[in-house]
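Taking it in order: structure first as structure tokens, then the write-up.
The values are calculated or read from the model by the stated rules, or taken from the named source; none is laboratory data. Small disclaimer: the values here were computed from a predicted structure and weren't measured. When we count neighbours, we look across all protein chains shown, and the Cβ atoms used for this are built from the backbone with ideal geometry, even at glycine. Note: accessible area is taken over every heavy atom of the protein model, side chains too, but ligands, DNA and RNA are not part of it. Shrake-Rupley method; radii C 1.70, N 1.55, O 1.52, S 1.80 Å.
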Amino acid sequence: MTARASALRPLIAAMPKGGYPLTAVEIERTHGVGNVRMLHLNESPLPPSPKAIAAIAAGAATVNRYPEAASATLAAALAARTGVQPDCMMFGVGSDELLHFCCAATLDAGDGGVLPEPSFPRYKVSTRLMGGVIQPAKLRADGANDPDALLAAIDDRTRLMFVCNPNNPSGGLLGAAELQHLIAGVPDRVLLVLDEAYWEFGMAAGGVDSLPLLRARTGPWVVLRTFSKAYALAGIRVGYALCSSPEVAGTLAKFKNTFSVTNLAYEAALAALEDQAHLTALVGGARAELARLDQGLRALGLSPLPTAANFISADIARPVAPVIEALKAEGILIRDWREPGYETFIRITAGTAEDTDAVLAALRTVLTRNETAG
Ligand SMILES: Cc1ncc(COP(=O)(O)O)c(C=O)c1O
């Protein structure tokens, strides 16, 4: 075997370097606008529970100490809510990290990862980082994951399947019967990962709790949830994995840096979890703004996809880059789908009522201007 010339692994070196999402500070600097409207990352436009803020403030004086490796208190609180025992649970620096661990735990080079497409880009990135083979399954026309397409994508190489419910960037949601059908069809040699980053919004939109359905499965499974979205704690970085067995949780935990999740994050998550009234208000607020966005986009002649998350997507039937740039110039950030076949799709996060007014007004101007220009 010839020695490798480069210190860097060729597989990794050949991968494109992902960029970082735009920040408000950058837009203020490059476009000279203030009050940037951040509608591109599916964050909460409003702060977390005051109890979470107080917990972070109270924890600040103790950061001379390393955090707990895993918060027994948060695990107990989640166990009480989900029925999943703490030894089947694992915390991560956002659910982002945990889905990467799912790839690391299952994929040797050449193994297959079935994933919805378009969906959360990290599934593909993490699969590639392991040298895994991407086995994509197109979404249904309504933007939900397609259970039959996902099942059809499984072959002998498959070790992992991601399901994103509700799906990002489309917002589509699978119902109980469809989920059940999907869960029943995945072989036991495949780790079934349900990414439920938008679960609380999905439940408010009529979704079902997947846990009782998953418990009927004999093969391994993981449900990923996060405090970043409905609990408005994106900046503190804490997500959790609910696993089918201590063995699955323990395997994921092998990839975790001992002190990765901070005590501030654990304390904030616990306080946020205990303030369900705040959660309900945030979810309700997002749903109200999505209804207004849906209506406003329809008034512009568009047909937004049905959404069960905290964002809404639509095909604007023209290249999105100039539209995104025009909005950026007004200090409004929205997201393109960036997926072959979906070059004309945009995604807008539910913001405040003022954000909704501003993004609809800006879109009206830019879409009309484009039309007039031919
Ligand atoms: C579908 C999906 N999964 C996972 C994540 C990661 O979220 P976090 O790492 O903040 O928990 C996101 C973030 O946007 C997402 O959209």
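Quick notes
- With the simple model of a label 7 Å out from the Cα in the direction of the Cβ, ALA149 to LEU41 spans 2.9 nm.
- Taking every protein chain into account, the accessible area of segment 323-374 amounts to 44 square angstrom per residue (probe 1.4 Å).
- Peptides 57-69, 281-293 ordered by average Cβ neighbours within 10 Å, highest first: 281-293, 57-69
- Of the beta bridges in the chain, as assigned by DSSP with both residues counted there, near 45 percent are antiparallel.
- Computed from the Cβ-Cβ distance with R0 of 22 Å, the FRET efficiency linking GLU343 to LEU302 stands at 0.90.
- Between ALA177 and ARG81, the FRET efficiency from the beta-carbon distance, with R0 = 22 Å, is close to 0.35.
- Coarse-grained scattering of segment 74-149 at q = 0.11, 0.14, 0.23 Å⁻¹, given as base-10 log I(q)/I(0) from a Debye sum over alpha-carbon atoms: -0.39, -0.60, -0.98
- Here the accessible area is traced with a 1.4 Å probe on the protein chains. For the chain, carbon and sulfur cover 57 percent of it.
- Here the convex hull built on the C-alpha positions of the chain has a volume of 169 cubic angstrom per residue.
- Ranked order, LEU327, LEU305, LEU41 - accessible area, probe 1.4 Å, largest first: LEU41, LEU305, LEU327
- Farthest positive-ward along the chain dipole, Cα basis, beta-carbon charges - from LEU151, ALA234, THR258: THR258
- Within straight-line cross-link reach of LYS254, lysines at Cα separation under 29 Å, skipping those fewer than 8 residues along the same chain: LYS17, LYS124, LYS229
- Based on protein heavy atoms only, segment 1-84 ends up with 69 Å² per residue of surface accessible to a 1.4 Å probe.
- Accessible surface for segment 118-265, divided over its residues, is 35 Å² per residue with a 1.4 Å probe.
- Segment 311-355 shape via C-alpha gyration tensor axes, a/c threshold 1.5: oblate
- On full extension, the segment bounded by THR30 and GLN276 gains 84.6 nm, given 0.36 nm per residue less the C-alpha separation.
- Taking every alpha-carbon pair under 8 Å whose residues sit at least 6 apart, segment 119-243 reaches a relative contact order of 20 percent.
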